[in-house]
Amino acid sequence: TLHDSQRRQLWLAFFISIMGICAALMIAYRFAKPLQLLQSATARVANGQFGTQLQPPRFAPRELLQSIKAFNQMSLALAQLEQDNRALRAREQVDELSDLARGLAHTMRNPLNTLGLSIEQMANEQMDNTEREKLAAMARRQISSIDNRLRALLDVSVTNESNQTIQLVDLINEIASE
């Protein structure tokens, strides 16, 4: 009987040990799984996937649930900041194009004024042919200057935020139509 009693105690100790190991594994899994989810979501955010959200597990400890909630809030805030940053870059591009358009308009007005004055003087009936030819040559130079500037503008392109090349003239037309 002593031998049977020792045997039962040994089996009971073995059974309790197995139960303890199983309980420890369940507790470890309960902590480890949410941490693994949080780690993988953090890696996604680090790779630029702002706005990534985690569904908290049903049986996670309170501290981990609070961490997941804080992560979700942070990720949404990063997504909003990224969206605001894109909008700011778009506004800056429009401002730069506006400055370019103002500069171009100013640059084009000078040759157009000279051209207009030349045409008015050519209309003067008292002008001799030599003077008319000089004015006509100056008018042709101004027209050529305007044409060269317009060609240079048409050759310019910009890259938008999705890395697509856009002809500047298309962008100016789009802005002008708004």
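Taking the range 1-19 as the range and being open to solvent by less than 100 Å² (accessible area, probe 1.4 Å) and of a type in the set (Ser, Thr, Tyr) as the test, the residues that pass are Ser5, Ser17.
Residue-by-condition table, conditions (1) assigned to a helix (DSSP H, G or I); (2) at pLDDT 80 or above:
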| residue | (1), (2) |
| --- | --- |
| Ala90 | yes, yes |
| Val94 | yes, yes |
| Leu104 | yes, no |
| Met108 | yes, no |
| Gln126 | no, no |
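Assessment of the range 61-78 against the conditions (open to solvent by less than 30 Å² (accessible area, probe 1.4 Å) and modelled with pLDDT under 90) yields at least one matching residue. The set of residues from the range 22-52 being open to solvent by 100 Å² or more (accessible area, probe 1.4 Å) and part of a helix (DSSP H, G or I) comprises Leu25, Met26, Tyr29, Arg30, Gln36, Gln39.
The values are calculated or read from the model by the stated rules, or taken from the named source; none is laboratory data. Predicted, not measured: the structure shown is a model, and the values here were computed from it. Just the protein is used for accessible areas: all its heavy atoms, side chains included, with ligands, DNA and RNA removed. Shrake-Rupley method; radii C 1.70, N 1.55, O 1.52, S 1.80 Å.
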